[in-house]
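Engineer: Quick one: the structure is below, and I'll ask about it shortly.
Nothing in this text is a laboratory measurement; each read-out follows from the coordinates by a stated rule. If you're wondering where the values come from, they're calculated on a predicted model, not measured in any experiment. Backbone-built Cβ (ideal geometry, glycine too); neighbour counts: all protein chains shown.
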């Protein structure tokens, strides 16, 4: 058929399909070549570079009224957007806990966007792919067949949803209709837990204060005895403990709480045991790391992000709940426009929208499926173990360098250290060094505070990062440290 | 440089980059050609087809341990995934309120996945693009410069977040620490409002019962007098009204509440005025539809989805809040690992994570930016108006056909109708007809219940849908109706 007939396109029609598919195709192949080159050549570019003022100013343009040829829009992307991205594709990116992404995941995301599926519900293949990944996570974690799972944006959302499921389990489904009505629910997590664990209580109406922040030990693991005491004190004071969140990879240092001890404590105390495994839970893919996660399989729920250690392109968070019925009882709700049928597109109940708050859901499962299928569990596990080996290399280097000091033990793949100073403000010096590193384009660690001291925090999450990359970062820290203290 | 040196790739290295970039590139171009063909040739395929049992069974395979060549994984995608997608790319898809997506948005999503940016925070271009879209929405809606905005998955999340902002505005920021403590807050929405408006109160701990469902009139618009009465009754009974949600495009019929009257009522009563404009708010792009949305500009917050009328590929929800400070006061929280600096990658505060619960956030702004830039506001507005014209064509056809009856007025682009029956169960008949339509692959409307009667619900959201497509759907309804009543 003619070009104009394809997809019903013809001049004057309101369809947004192009009149000339071949021109679009030419633009598209150019974009694809460029994006593949940009991944392949990532080492030739700076990790990050500041956005020049004139580039930033270009985004002040008002709402476009008329049309612009795709090639011109793409040119603007190439000039003003592509060079100034986050940088986490680069092996020198060691800030925060970001995965590097892969070309495979990028291609899968392209295919997903082409299908444009809404994975909120109904009977289509997007949900089967997601269900397969639920089964894969069950298998990996040793969860029962009755466990349910769901893709979400990230662990902030997954931790919030887990708290809601625990709340419903504690108070019964009538809480959904009647609200909290002032029940003195209390939850527990390490003081080293991620902020989203506390945020979850805020969002849910319990308040941040309902989460008791328990002290951690020298290894940055939650103090189990202190936790047990606090629960007893709260019970004695009339509070109603309902949830303990263990961290499988704390945000600052990557410490893993003693999950087996927490599981036992939760059984003893009759509490919901949730694990925030935002990046650490996928350590189950590595035979070397999985033993450190003993107890994870006993959790009532686990939050994790495939876009961290799993290297799936952003965003791909995930929640798994041991008791799928409790999960569904927290989120499912009837609606006339969501009628379930036994055949046709409206079949296939239960739907993902029965397990979470989203009805509009992109096809996050596809990029995860491509990643797991293409690389396989063993290679992904080896890559994860390798990031920990690179972190140990960095730790050893830090301990060899007299000008540097380690600020926290290295459990997995995060190293917190800093440049010493003979006189002056070590916090200010190290903050400057981190900014110097960013601006140099050599490496991008983040900073945090460990025991009141500002730390340079290198999280080796990117599958491309090697020992040579962390050595380059340390060399630059020493150079900038010397320059700043001259 | 050699292929193996690019991106540090070399045999035996744990990096997930390919050893052979040219082989990956060849696969990638084949995928791109196929996905473009699949969009261009969408009319040659059924809207939807049931997943055959043997295909469904293939997704029962356990977690892959070893590697699989990308080309083989793609072959499995081509055989077992691509043919069984939701179908909303097709012009015959009229179910629920799904946009059709565009090839432009798909390409932008590919580029975004290549950059792999996390748009939760820091100083990179992803945030500048998002900020530009915030300004564009402000401009389109007539919101002040102090308004803030944020991409989210969809309006379910945006409506929840708006409720939280309204809650913080009503109770003060101490609610975040102390929780709800049993304040008898009440919110208001039409009985025709989307279920996520009620869900928001459940998630926030207020309970679904805190949302008073107000009657609607013959045009399916909220009864303002009844709303005013209910607020007075609640106040008299000791409740604390704090929020009214108006619907700009109800889910069942597409009715638009009298937003100007609601704005006035909220001013009179001192209540937060939120608009759920999941699909309707982008009607502001059309000079013909914008007048029906009068009052939207006076809202305290608006939720909307670019993936519906905006045709942006899934998912791309959005929240705008008039008072950016109140918005930030609801979500911002300090964390050592989110230290803000004045230079380097950790600069650029405030960050998106200060305006919502997500810290992991894909680059939804890019596909929206490409869509708005490429097509421009005028063409998008014309496309939106065209979907309403197609709906009016369908309405007229329904009214001409003696075997059909219209079940609700047509305000925008949704037509609820059904096949009459001389004897027998009309609900069952119409449910069968909808499933017949799905299985035929001709068209995919959804069903809902209007005034206790099962309706065939055709939502003309896809930019590709034409009058010929809705006529084909009606012809098929008549054919299946006759067959089933023979």
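Engineer: If a/c stays under 1.5 just call it rounded; otherwise compare a/b with b/c (prolate if a/b is bigger, oblate if not). Do that for region A:118-362, with a ≥ b ≥ c from the square roots of the Cα gyration tensor eigenvalues.
Structural biologist: oblate
Engineer: Given an 8 Å cut-off on Cα distances and at least 6 residues of separation, report the relative contact order of region A:287-374 as a percent.
Structural biologist: For region A:287-374, the relative contact order is 23 percent.
Engineer: Compute the FRET efficiency between residue B:57 and residue B:34 as 1/(1 + (r/R0)^6), taking r as their Cβ-Cβ distance and R0 = 25 Å, and round to the nearest 0.05.
Structural biologist: Computed FRET efficiency for residue B:57 and residue B:34: 0.55.
Engineer: Here's a follow-up. Note down, for region B:346-431, the three equivalent ellipsoid semi-axes (square root of 5 times each alpha carbon gyration tensor eigenvalue), biggest first, whole angstrom.
Structural biologist: 44, 20, 9
Engineer: Sticking with this one: DSSP beta bridges in region A:118-362, what fraction antiparallel, as a percent rounded to 5?
Structural biologist: Roughly 40 percent of the beta bridges in region A:118-362 run antiparallel, per DSSP.
Engineer: So, in nm, how far is label residue B:422 from label residue A:400 when the simple model puts each one 7 Å beyond its Cα toward the Cβ?
Structural biologist: 9.3
Engineer: To the nearest 0.05, what FRET efficiency results for residue B:329 and residue A:468 with a Förster distance of 45 Å applied to their C-beta separation?
Structural biologist: After rounding, the FRET efficiency stands at 0.50.
Engineer: Which values, in whole Å and largest first, are the semi-axes of the equivalent ellipsoid of the protein assembly as shown obtained as the square root of 5 times each eigenvalue of the Cα gyration tensor?
Structural biologist: For the protein assembly as shown, the ellipsoid semi-axes come out as 43, 33, 27 Å.
Engineer: How many percent of DSSP beta bridges within the protein assembly as shown run antiparallel, rounded to 5?
Structural biologist: Among the beta bridges of the protein assembly as shown, antiparallel pairing accounts for roughly 55 percent.
Engineer: Let me confirm one metric for peptide A:308-314, namely the mean number of other chain beta-carbon atoms within 10 Å of its residues' beta-carbons.
Structural biologist: For this peptide, the per-residue mean of nearby foreign Cβ atoms is 4.
Engineer: Note down the relative contact order for chain A as a percent, whole number, built from C-alpha pairs under 8 angstrom at least six residues apart.
Structural biologist: Relative contact order comes out at 21 percent.
Engineer: List the relative contact order of region A:147-293 as a percent without decimals, with contacts defined as Cα pairs under 8 Å and 6+ residues apart.
Structural biologist: Contact order relative to length: 23 percent.
Engineer: Counting partner chain Cβ atoms within 10 Å of every residue's Cβ in B:29-37, what's the average?
Structural biologist: Taking the mean over all residues of the peptide, I get 5.
Engineer: Turning to a different aspect of this structure: For the pair residue B:139 and residue A:392, what calculated FRET efficiency results from E = 1/(1 + (r/R0)^6), where r is the Cβ-Cβ distance and R0 = 56 Å, to the nearest 0.05?
Structural biologist: 0.60
Engineer: Size of region B:375-486 along its principal axes in angstrom, Cα-based, largest extent first?
Structural biologist: 50, 28, 22
Engineer: Need one number: % antiparallel among DSSP beta bridges in chain A, to the nearest 5.
Structural biologist: If I count the DSSP bridges inside chain A, around 55 percent turn out antiparallel.
Engineer: Over the whole of A:322-333, what's the average partner chain Cβ count within 10 Å per residue? Rounded to a whole number, please.
Structural biologist: Taking the mean over all residues of the peptide, I get 1.
Engineer: Over all alpha-carbon pairs in region A:1-152, figure out the percentage whose distance exceeds 20 Å.
Structural biologist: Across region A:1-152, Cα pairs with separations above 20 Å total 69 percent.
Engineer: In addition: Could you work out Rg/(2.2 N^0.38 Å) for region B:282-383, with Rg from alpha carbons only?
Structural biologist: Against the compact-globule rule of thumb, the ratio is 1.30.
Engineer: Classify chain A as rounded, prolate or oblate, taking a ≥ b ≥ c as the square roots of the eigenvalues of its Cα gyration tensor: rounded when a/c is under 1.5, otherwise prolate if a/b is larger than b/c and oblate if not.
Structural biologist: Oblate shape, in that a/c is at least 1.5 and b/c is the bigger or equal ratio.
Engineer: Quick check: the distance between the Cα centres of region A:73-99 and region B:300-359, to the nearest angstrom?
Structural biologist: Cα centres, region A:73-99 to region B:300-359: 19 Å.
Engineer: Could you give the spread of the C-alpha atoms of region A:82-186 along their three principal axes, from largest to smallest, in whole angstroms?
Structural biologist: For region A:82-186, the Cα extents along the three principal axes come out at 51, 37, 29 Å.
Engineer: OK, next. If I stretch the segment between residue A:484 and residue A:146 completely, what's the gain in nm (0.36 nm per residue apart, minus their alpha carbon distance), one decimal?
Structural biologist: 115.9 nm
Engineer: Expected output is a single nm value to one decimal: the length gained when fully extending between residue A:79 and residue A:240, i.e. 0.36 nm times separation in residues minus the C-alpha distance. What is it?
Structural biologist: 52.3 nm
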